[in-house]
Each structure stands twice: as C-alpha cells, then as structure tokens.
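The values are calculated or read from the model by the stated rules, or taken from the named source; none is laboratory data. These figures come from a predicted structure and were not determined experimentally. We place every Cβ from the backbone using ideal geometry, glycine too, and count neighbours over all the protein chains shown.
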Amino acid sequence: MSSSRPSRASRRPRPAAPALGLRGTLLFLWRQLTSMQTALILLMLLAIAAIPGSLYPQRNVNPGLTDQYLQENGRWGEILDSLGFFEVFSSPWFSAIYLLLFISLIGCIVPRVGVHLKQLRSTPPRTPAKLTRFTGYTRQELPGADADALLDRAHAALRRSRYRTERLQERASRSITAERGLLRESGNLLFHIALVGVLVCVAAGHLTGYRGQITVVEGSGFSNSLTQYDSFEPGAWFDTSELPEFRFTLEQFRAAYDEEPTSPNVGQPLSFEADVQVTTAGQEPFAQTLEVNKPLHVPGASMYLLGNGYAPEVTLRDPEGTVVAEGPVITVPTGDTGYTSQLVIKAPDARPEQTAVVGYFLPSGVIDEQGPHSVFPDLWNPMLVVSVHHGDLGLDEGVPRNVYEVDVSQLEQLTGQDGSPVLISLEPGQQIDLPDGSSLSFDGVRRYAAFDVAHNPFEPWLLGFALASVAGLILSLFVPRRRMWVRVTEADGAAVLEVAGLARSQDPALADDVASLAQRLSSSIDHHDGPEGPQPAQSSTAPTTGGRPS
C-alpha cells in the first residue's frame, strides 16, 4: 500500500531568486538599452518609422497637399493625422526612437572606446601553451637549424606583414606572438561615432535651421522675408530676424517633354530649368539657372527647384465694369500626364455679389466624352474651361481659407437665359460677356516655379560624418583581425618549428597564410648546416577552429 506522505525532496523549499531592487532593475534596463542588439533594433525601427514620411504628404513640405489628402480620405485621414503621419519627423514616437537610439549608441561606444585604447597600448597576448587546436597548425622538425636565426626571420616576416610582434622566452622554448587587424575595431568604432555625429547634426540642423516654400511667376520676384513665403517652418532655436538678405527675379522657366509620338514615354518631362537673376547683400547681381538637384546657394540659404505649373493671365470685370480680378493665376496640376490644372479665382470685391471662377486650365486642351482635359503638358492648344459662381465666399469670417480652393456648394452657379449652367471655354486673346453683365477675358499664359528655401548650418558636418561612417564601415568589413604564433623548440640538435593562427572573424585566407609562413621559414634554412639539409620530420595541419588562446 503506497504512502501519500510527500517525500523529503518534495518538502524542501524552492530557492528564491534575490530581488533586483530599484538599483538592480535600473542597471539591468541600462545594460539592455546600451547593448549592440538594442542599438541595431532601434536603428531598424528608425528606418521603418521614416517610411510614412515618404508615403504621406508632410505639412512642413506641402501643407496644401496635406489638406487635400485629409479632405479626400475622410475618417482614415483623421486617424493618420492623430497618429502624426503627416508630421512624422516631429512626432513624439519618431522623436522617442531617435532619442533612444542616440542614448543606446552613446552607451555602446563609451565603454568600447576605453577597451580599444587599452588594446592599442597593450602588447599582443602570450603564446598559448598548445597550438594544435588553432587554425592552420603546422609542425616541422628542422635538423641543424639555428633557433635564433629562425625566430629572427619569423619576426622580420611578420613585421613586413604589418603585425605587432613580441618575442617571448618560455620554459623550454622561445616564441613570437603577433597580432594585426586592430584597425577593424577602430573602423567599427568610427562608424558608430560617426553615426552619433549624424544624429546630432540632423537634430541640431532641425533646431537651428529653417525651411520655407515659395511660388514665383515668370517676371516676378522674391525677397527673403517672412511675408513672401507661402509656408515657413523655422527651427526652435532659429531667430526669424536673422533671415539672410537676398532677392531674385524669375526671368524664364523652361520645360522640355518627350514629343516622340512612338515613344512609350511621350509627354514625360525631360528637363526643367529656371533662369533667375539674384541679388545678395554686398555682392554684384548675378544670373544662374536652377535645375532639379542643381540648387542656388547664397550666404545663409539654399534654394531648390521643386515644382512648376501654369499661370494663365485672366481679367474679370463685374457687371459695373470694375476690374475685380486681374493678372496671372497660379493653377494646381491635378496629377495627370497632360498637366490638367485646377483654376480658382476669388473676387470678394465684386458687386453686387462676391464672385468665384472655378474650372480648369488645359495646356493642350480637348473636350470630348471624357470631359475637358489636356492631352500633352506643353502649350499646344491652351484653353480655359470654367464656370462662374456668385454668393458669400466666406472670406469675411476671419477664418483662414485655402487660396486654391472654394466651396461651390454654398454658391449659386451662373446660368443662361434658359436656366442651364453656363460653361465657358476660352482661348488666349478671347473675351466673353456673361449673362449677368460681367465679363471674363483670357489674356495669356505664363509659367511659374515652386522653390524650397532652406538653411542648415550643420550640412558640412553632416556630410563629413556621413563620409566617416562609410569609411569606418569599410574598415570594419574588409580588415581581418587575426593573431599568429611562431614557436621554436630545440631538441636533439634539431629545431622544432610550430606555427598557428587565430581569426576573430571569418578569415578563409588565414590557414593558407600560416602554411605559407611556415614554408618560407623552413625553406630559408641554410642547407649546408647539416649533412642532409633540413628535412621535415613531421608536419600537420589542424582544421580551422574557433579556439582562443589559453
């Protein structure tokens, strides 16, 4: 009959692990944060977190496009906006990853720098007692060979191969310990230090620089002041009163497109060029042509060509004959290859009612079953297709409105005598009198260019750290770190030569180099020292192992 009493072993209390406590917990978290694995994970997370910044429009780059995306996507756009997907690089979650990566890299680098400096000042490690377990182990008996001469030749050969060497006197033998490849760790540290430098420069440039967007029509100019910008985003530490003094005039904008009818890329842009006349403080005016990736640099600012479009010259008169809108109107391309562009003209001073003209500008316009659209981006058949609306434009409410949009649902469209809506089609030089007594004329077409004006005082440092990181990465990948040992033991009138090596990483050439060194040392022996010359009594090559010196 079995007993139900618990055994003595089962009654023993289980050992309790000591509590970490607050200090131990913080130390554990710090070690986890400053580990290389955590730094790599954070670096990957930072790259992933930056992806939405290239997929979704960003407010600081194109606020108009951001607003358009929000209007078109409704609730989904609101969710993305609440998560910061339209301001990725200033969002709390991106900043948190950025800061954690910065701390992790600093925590990784500082201890490793101290260890590496000690290694640079130290001598190579002592020769292991047993070399048989190391890569390429070779043993040869050389009758009549002089041990000192053999060590001298080994020392000279290793020094020529850029090894750090040290001669050691052992109990029954003498040896040379050699090491090279510390530059690999130097490159690794250089890469991580440069990466920290890149992070610092990016953050510092964001804080001390500025970025703004402007749109300039041919024949018009820009003066670098806050009131001239369409949008402006200064860094937290940038003083807007320190904007550099410069101005320019857009003399001409040129665009070239693929016009070959049989080309699969017909209509695709080939080049964009903006001719500007620039004036800066204390310098003579000069002319320059801006292209994509060929910016204009002036003291304190850089100007990049971002986009372009058409600005038709339109004149609108109200029923009283007063000109209520005149001049080039910047249109917004809808995104098709023909540059079909949306046009909005607001005339809040029109009488008796405020007026809005809404429609499209077509560089090469056609009207068919698809409606009005452009078939080519160049000015082959420019055309305006618009409708006229009357009512309250909402401009007197004190609420900022997008200049390129108008809510026509709150307005009354102009109709003809039969009550049908009036659709107006105009070509350059044409004028039409509307049923309400107003008139609209299409006077000509100009081009406009959109520019991004930015300044980052840390750009040269950023470039330097980026190049340093690439150099460090190359060193860490292509410089092998290895150790080699040569031991000579005198026994019975012969010198026993032992050669072996150890690689700290993948080094497929190490075994061949060990064998080559042993061969050179044995073949350099004076064959007249003995009656038969040096005869290898035993030679063995051990397989590559991951052993370490004892």
- Message: Within segment 332-341, does at least one residue satisfy the condition of being within 32 Å of the chain's Cα centre (by Cα) and closer than 17 Å to E218 by Cα?
- Response: yes
- Only one of these is surrounded by 20 or more Cβ atoms within 10 Å (Cβ to Cβ) and at positive phi: Y310, Y339. Name it. Y339
- Which one of these is at pLDDT 95 or above and of a type in the set (V, I, T): V496, V479, V470? V470
- Task: Check whether at least one residue in segment 510-533 is modelled with pLDDT of 90 or more and part of a loop (DSSP other than H, G, I, E, B), and report yes or no.
- Result: no
- Read through the list (1) surrounded by 14 or more Cβ atoms within 10 Å (Cβ to Cβ); (2) among the β-branched types (V, I, T); (3) more than 29 Å from the chain's Cα centre (by Cα), then give the number of the only condition that I214 fails. (3)
- Query: Hey, does segment 456-471 have a residue that's among the charged types (D, E, K, R), assigned by TED's automatic domain parsing to the domain that holds E245 and outside any loop (DSSP other than H, G, I, E, B)?
  - Reply: yes
- Query: Which condition number in (1) among the small types (G, A, S); (2) over 39 Å from the mean Cα position of the chain (by Cα); (3) buried (at least 18 other Cβ atoms within 10 Å of the Cβ) is the one that G187 fails?
  - Reply: (2)
- Message: Please count how many residues of segment 342-368 are closer than 13 Å to L384 by Cα and crowded, with 18+ Cβ neighbours inside 10 Å.
- Response: 12
- Query: Of all residues in segment 45-76, which are assigned to a helix (DSSP H, G or I) and in contact with a Lys or Arg (Cβ under 7 Å, 6 or more places away or on another chain)?
  - Reply: T66
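Restrict the check to segment 187-202 and report whether at least one residue is in a helix (DSSP H, G or I) and closer than 25 Å to A511 by Cβ.
Filtering segment 187-202 for residues in a helix (DSSP H, G or I) gives 187-202.
Still in the list and also closer than 25 Å to A511 by Cβ: 187-188.
Within segment 187-202, one or more residues are in a helix (DSSP H, G or I) and closer than 25 Å to A511 by Cβ.
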- Query: From the list R174, R162, which one is of a type in the set (K, R) and under 23 Å from A471 (Cα atoms)?
  - Reply: R162
- Message: Tell me yes or no: at least one residue of segment 298-321 is among the charged types (D, E, K, R), more than 19 Å from H390 (Cα to Cα) and more than 32 Å from the chain's Cα centre (by Cα).
- Response: yes
- The number of residues in segment 471-517 that are out of contact with any Ser or Thr (no Cβ under 9 Å at 6 or more places or on another chain) and farther than 22 Å from R171 by Cβ is 11
- Task: Say whether the condition of being at pLDDT 95 or above and not in a strand (DSSP E or B) is met by at least one residue in segment 304-327.
- Result: no
- Item | Verdict on I97 being surrounded by fewer than 17 Cβ atoms within 10 Å (Cβ to Cβ) and either at pLDDT below 90 or aliphatic (A, V, I, L, M) (or both) | no
